[in-house]
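> The structure's right below; bear with me while I get my questions together.
The values are calculated or read from the model by the stated rules, or taken from the named source; none is laboratory data. Since the structure is predicted, the reported quantities are computational estimates derived from the model, not experimental observations. Cβ placement follows ideal geometry from the backbone for every residue including glycine, while neighbour counts extend to all protein chains displayed. Accessible surface is based on the protein model in full, side chains and every heavy atom, while ligands, DNA and RNA are left aside. Shrake-Rupley method; radii C 1.70, N 1.55, O 1.52, S 1.80 Å.
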Amino acid sequence: MQHYLCVTCGAQYPASDTPPARCLICDDDRQYINPDGQQWTTLAALQGHHINRFAAIAPGITTISTEPKVGIGEHAHLLQTPQGNVLWDCIAYFDDATVREIQARGGITAIAISHPHFYSTMIEWSRALGNVPIHLHADNQPWVMRPDPAVRYWDGESLDLLPGVTLLRCGGHFPGSTVLHWRDANDGAGALFTGDTIKVVADQRWVTFMYSYPNSIPLDEYTVRHIADTVAPLPFARLYDGWTSVTGDANDAVRRSAERYIAHLRGDTPGRLRPDQ
Ligand SMILES: [Zn+2]
Ligand SMILES: [Zn+2]
């Protein structure tokens with residue numbers, strides 16, 4: 001029996017003798033089946049061929065990423081707060097060296113993950129780090145591919161994880177798409193961690209909001225405005241998605257970007273076409 005792992009997205013499945021028939025995460029409008037067909041691997045087969053890099057990017061904020069890339073290639077974030085450490089988001093590759101690196105930084109008291117594309121091998125991380133609770137929004141339960149008692153589902157619009165560390169449900173990319181706000185990060189300027197809920201674009205002064213990033217499927221006006229309105233009252237000078245961060249005033253970047261996006265949805269932009277033109 002093995003816990004098979006999807007090569008394309010990194011989602012890990014319950015133990016089985018043979019690989020699952022298909023990956024439910026990839027077989028969805030938001031993702032895609034590898035052009036070479038569905039492929040599977042295991043964590044044991046990957047171990048020894050990859051390394052997880054730890055990079056301190058701000059006081060108390062460390063990214064964890066895998067080289068060479070596994071699955072989607074997102075970064076996890078280790079947040080070291082005075083009240084305890086949190087692993088925000090998760091990556092598929094995991095090994096003993098990763099455990100040692102995290103323990104050397106004080107271990108973790110909680111795992112929270114923005115959405116199903118990053119659930120990956122979360123159960124392995126939880127078990128190896130002391131059966132740490134994994135906080136997921138209940139509306140994303142249908143996309144939990146490896147159910148486990150370590151998963152704690154939360155309902156509603158927000159959850160106070162630790163003093164000054166709050167999960168907020170924004171929706172959009174997935175019904176339970178979540179962001180994490182750390183009030184005291186960056187010397188009190190605040191930080192927002194967004195996964196794929198709010199994503200930094202090529203011009204890093206701006207962000208976007210999509211139903212599917214690989215398939216370029218947009219969201220509607222109501223949903224984009226709801227996401228922007230949910231985070232608008234929060235103080236955050238920096239915004240970190242699953243790969244990179246915004247440059248400049250991040251709170252204002254979300255506001256400006258939502259207005260730009262909605263203007264394009266309405267056709268209220270230069271170059272628009274109209275029936276009478
Ligand atoms: Zn997959
Ligand atoms: Zn995603």
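> Taking the mean number of other Cβ atoms within 10 Å as a proxy for protection, how do you rank 47-54, 143-150, 168-175 from highest to lowest?
168-175, 143-150, 47-54
> A follow-up question, please. Which Cα, out of Gln2, Gln83, Ala253, lies furthest along the positive dipole direction of the chain (beta carbon charges, K/R +1, D/E -1)?
Sorting the options by dipole projection puts first Ala253.
> Same structure, new question: Add +1 for every Lys or Arg and -1 for every Asp or Glu among the other residues with Cβ under 10 Å from the Cβ of Asp249, and state the total.
Net of charged neighbours comes to +3.
> Shifting gears a bit: Treat each spin label as a single point 7 Å out from the Cα along the C-beta direction, and report the Thr223 to Met1 distance in nm.
3.7
> Compute the acute angle (0 to 90°) between the alpha-carbon long axis of helix 221-231 and the principal axis of greatest extent of the alpha-carbon atoms of the chain; round to the nearest 10°.
Tilt relative to the chain: about 70 degrees.
> Follow-up question, since we're still on this one. Determine the calculated [θ] at 222 nm for the chain from helices alone, applying -39500 (n - 2.57) to every DSSP H run no shorter than 4 residues and normalising by the residue count; nearest 500 deg cm²/dmol.
Rounded to the nearest 500, it is -5000 deg cm²/dmol.
> Over the Cα atoms of the chain, Rg to Rh with Kirkwood Rh, two decimal places?
Rg/Rh for the chain comes to 0.97.
> Note down the net charge around Trp182, summing +1 for each Lys or Arg and -1 for each Asp or Glu among other residues with Cβ under 13 Å from its Cβ.
-1
> Gap in Å between the Cα centre of the range 239-277 and the Cα centre of the range 46-81?
Computed from Cα coordinates, the inter-centre distance equals 29 Å.
> Expressed in nm to one decimal, what extension gain is obtained for the pair Arg53 and Ile33 from 0.36 nm per residue of sequence separation less their Cα-Cα distance?
Roughly 4.4 nm would be gained on extension.
> Shifting gears a bit: Need one number: % antiparallel among DSSP beta bridges in the chain, to the nearest 5.
Bridges in the chain are about 75 percent antiparallel.
> In what sequence, highest mean first, do 176-189, 24-37, 7-20 appear when ranked by Cβ atoms within 10 angstrom?
Descending mean neighbour count gives 176-189, 7-20, 24-37.
> Cβ neighbours within 10 Å, averaged per peptide: list 89-101, 224-236 in order, most packed at the top.
Ranked from most to least packed, the peptides come out as 89-101, 224-236.
> Another question, if that's okay. Nearest 5 is fine: what % of DSSP beta bridges in the range 14-157 come out antiparallel, could you say?
Taking every DSSP beta bridge within the range 14-157, about 65 percent pair in antiparallel fashion.
> At 1.4 Å probe size, with the rest of the protein present, what percent of the exposed accessible area of the range 1-121 is carbon and sulfur atoms?
49
> Within a Cβ distance under 12 Å of His135, other residues only, what is the Lys/Arg minus Asp/Glu net charge?
After counting each charged neighbour, the total is -1.
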